[in-house]
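Notes for the one structure printed next.
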Amino acid sequence: DSGVTQTPKHLITATGQRVTLRCSPRSGDLSVYWYQQSLDQGLQFLIQYYNGEERAKGNILERFSAQQFPDLHSELNLSSLELGDSALYFCASSVAVAETQYFGPGTRLLVL
Amino acid sequence: AQKVTQAQTEISVVEKEDVTLDCVYETRDTTYYLFWYKQPPSGELVFLIRRNSFDEQNEISGRYSWNFQKSTSSFNFTITASQVVDSAVYFCALSDPNYGGSQGNLIFGKGTKLSVKP
């Protein structure tokens, strides 16, 4: 158990819908990262927050957004969902930038 | 550009065989970090090791060992006396905090699927 929690574990929804994925980092970790794992793209970095502020963006679509709250948990919002958004979404946390990232169990999203 | 290449897509071995997973990386910076993660069939990503670019010492942890060679930009992972429980997808990753707007995010290779048969 990495200490990073993610909810829900599984999510099935329809195209055009909006979903929210939630992540709680390990105790003491200030940095939260979101990654997407799909069969065709592999593991890709989406976005990073540090102590409530956005720090870096990767290949994140404009339909996706995220935030980190004062209690350091983070949410990833996916809207206008398309079939191609079906993937495993991971959250990771680290105590600081460039330190080891520990991953949550992931949220498996299926868009029908 | 930064890139991680894991040329071996799938490897199949018989239990107790030794196996080496290859990882080649590209970066122009002198300070960077390399990682290996394991993804078992259950799907979670498990951290195995982190090395910084200034530490080329090989590392051994039980049946696992890592060979870091800056001259060939490689960070290979060897499992000695493999076991069925080692069956998983293994990812090599690079973190370069000085690159562009990076804040230490991980760049992953495509992964190597290791199957260990009894």
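Overview of results
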read-out	value
Yes/no for A:Gln37 being within 14 Å of another protein chain (Cβ to nearest Cβ), without any contact (Cβ under 8 Å) to a residue 24 or more places away in the chain, under 12 Å from the mean Cα position of the chain (by Cα) and open to solvent by 20 Å² or more (accessible area, probe 1.4 Å)	no
Residues that are within 26 Å of A:Tyr35 (Cβ to Cβ) and outside any strand (DSSP E or B), drawn from the range B:97-118	B:Pro97, B:Asn98, B:Tyr99, B:Gly100, B:Gly101, B:Ser102, B:Gln103, B:Gly104, B:Asn105, B:Gly109, B:Lys110, B:Gly111
Residue ranges of strands (runs of 3 or more DSSP E) in the range A:1-104 with at least 3 members among the aliphatic types (A, V, I, L, M) and closer than 24 Å to B:Val4 by Cβ	A:42-50, A:87-94
Residue list for the range A:75-112, filter: away from every other protein chain (no Cβ under 14 Å) and either open to solvent by less than 30 Å² (accessible area, probe 1.4 Å) or more than 15 Å from A:Val19 (Cβ to Cβ) (or both)	A:Leu76, A:Asn77, A:Leu78, A:Leu81, A:Asp85, A:Val111
Residues located in the range B:86-113, provided they are surrounded by fewer than 16 Cβ atoms within 10 Å (Cβ to Cβ) and either without any contact (Cβ under 8 Å) to a residue 40 or more places away in the chain or touching a Leu at 6+ places or on another chain (Cβ under 6 Å) (or both)	B:Gly100, B:Gly101
Checking B:Thr30 against (1) of a type in the set (Ser, Thr, Tyr); (2) over 20 Å from A:Gln101 (Cα atoms); (3) open to solvent by less than 70 Å² (accessible area, probe 1.4 Å); (4) not in a strand (DSSP E or B), the condition it does not meet	(3)
Any hit, the range A:32-41, residues being over 21 Å from B:Leu94 (Cα atoms), touching a strand residue (DSSP E or B) at 6+ places or on another chain (Cβ under 7 Å) and modelled with pLDDT of 95 or more	no
Options B:Val19, B:Val14, B:Val116; residue that is at negative phi, open to solvent by 40 Å² or more (accessible area, probe 1.4 Å), touching a residue at least 40 places away in the same chain (Cβ under 8 Å) and of a type in the set (A, V, I, L, M, F, W, C)	B:Val14
Selection within the range A:56-86 - at positive phi and aliphatic (A, V, I, L, M)	A:Leu72
Meets criteria (within 11 Å of another protein chain (Cβ to nearest Cβ), surrounded by fewer than 16 Cβ atoms within 10 Å (Cβ to Cβ) and under 14 Å from the mean Cα position of the chain (by Cα)) for B:Asn52	yes
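The values are calculated or read from the model by the stated rules, or taken from the named source; none is laboratory data. Source: prediction; values computed, not measured. Counting neighbours? That spans all protein chains shown, and the Cβs are built from the backbone with ideal geometry, glycine included. Surface areas here come from the heavy atoms of the whole protein model, side chains and all, with no ligands, DNA or RNA. Shrake-Rupley method; radii C 1.70, N 1.55, O 1.52, S 1.80 Å.
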